[in-house]
Every structure is written in structure tokens, then in C-alpha cells.
Amino acid sequence: MSINIVLYEPEIPQNTGNIMRSCMAFDCKLHLIEPLGFHLDERHLKRAGMDYVKDVDYHVYKDYSDFLDQNSGAFIYFSRYGQKGFEECVFDRDVEDTYLIFGKESTGIPKAILKDHLRDTYRIPMVKEARSLNLSNCVAIAIYECRRQLGFDGLCDQETIKGADWLLR
């Protein structure tokens, strides 16, 4: 199963940089839907701390329709307007491609898109006084839960830089 993170018109380069790092660490593909609130040239990427860009499989689309034309699989949307709690989301290992879709920082995923996908739109629970969570935190929560449900397939469960027995020395 391939896990794909989709950012609909992301605005803040540092959030996208953090998400690139999460995608690299959890072996996810990243899909960016334009317009972007930043440039993807090397100078701007370095300034935003996106030093993992060379290790991330990412694709850029001119708009949402372009993204839909080029991809198929299970589409799971995340929004503060979701009618179901995230705990109800079940990830299916038999689905070849799963796309976790997140909206832009200022306004989220447009209502016109969400209305057609209410069954597949989830809300991450939080206290009622909180308007929202940071985008990169939401993505990390969703990736982790997806990987957890799938048994962390393909991920390393040991320290590889200093060695698995580093604490024992």
C-alpha cells in the first residue's frame, strides 16, 4: 500500500518543509496542488528548512482537477468541518494507493470539494476552544495513525545511526 499526502494550495513553506520531513521518515509520497504560497526553487527551499526535498518523492499539480486526473485510489479528507471523528477512519491495506488530503492553512479544503466527499471527511478531535491545529501536526497525526493501523510495514523499529544497543553501553 502506498501512502500519499496531498496538500491543497499550501501557503506556509515551513509547514511544507516539516511535512516533507515526515513524508521522508514515513515513506510517503507528497502531492502539492498549486497555487503554492512559496517557490520550489533550491534557494527558497533551503531558506524554509526543506533540506529533505532531495529525499522526498513529490509531484506538483496545476490544480485539483489535474491531481484527480492523474491519481486514483482511496481519498481521505481532513477538515475541522468533518462530521466523523478521526478515530472512525479505517485504513485498508488492500487499497493500492491511499491519499490523505489536507487544505491550505488559512481556509482549508474548499466547501465545494468537501460537500462531495462527506463520507470520507474526518475531523481530528480537539478542545472546542481550538480553531485548528498546525497543518504539519495534522499530517503527522494522520500518517502515524495510518502506519500504526498497517503495522508500521516497511519502517525500521531500531536505531540505525548509533546502533540498537546504544542505551546499553
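The values are calculated or read from the model by the stated rules, or taken from the named source; none is laboratory data. These figures come from a predicted structure and were not determined experimentally. Note that we place each Cβ from the backbone using ideal geometry, even for glycine, and neighbour counts take in every protein chain shown.
A compact table of results
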| quantity | calculated |
| --- | --- |
| Subset of the range 59-101 (residues that are crowded, with 17+ Cβ neighbours inside 10 Å, among the hydroxyl-bearing types (Ser, Thr, Tyr) and either within 16 Å of GLU9 (Cβ to Cβ) or over 15 Å from the mean Cα position of the chain (by Cα) (or both)) | TYR61, TYR64, TYR77, SER79, TYR99 |
| Considering residues of the range 112-141 that are closer than 22 Å to PRO13 by Cβ and β-branched (Val, Ile, Thr) only, the residue farthest from the chain's Cα centre (by Cα) | ILE141 |
| Subset of the range 1-22 [closer than 16 Å to ASP55 by Cβ, modelled with pLDDT under 95 and of a type outside the set (Gly, Ala, Ser)] | THR16, ASN18, ILE19, MET20, ARG21 |
| Check on ILE109, more than 17 Å from the chain's Cα centre (by Cα), closer than 21 Å to LEU68 by Cα and touching a residue at least 40 places away in the same chain (Cβ under 8 Å) | no |
| Extreme residue, nearest to ASP27 (Cα to Cα), among residues of the range 142-156 that are over 9 Å from the mean Cα position of the chain (by Cα) and among the aliphatic types (A, V, I, L, M) | LEU155 |
| Among residues of the range 102-112, those that are surrounded by fewer than 18 Cβ atoms within 10 Å (Cβ to Cβ) and out of contact with any Asp or Glu (no Cβ under 7 Å at 6 or more places or on another chain), counted | 4 |
| Where a residue in the range 132-155 is free of Cβ contacts under 8 Å to residues at least 24 places away in the same chain and its partner, wherever it lies, is assigned to a helix (DSSP H, G or I) and among the hydroxyl-bearing types (Ser, Thr, Tyr), with Cβ under 8 Å and at least six apart | none |
| Answer residue from the range 118-131, given it is in contact (Cβ under 8 Å) with a residue 40 or more places away in the chain and of a type in the set (Lys, Arg) and is surrounded by the fewest Cβ atoms within 10 Å (Cβ to Cβ) among those | ARG131 |
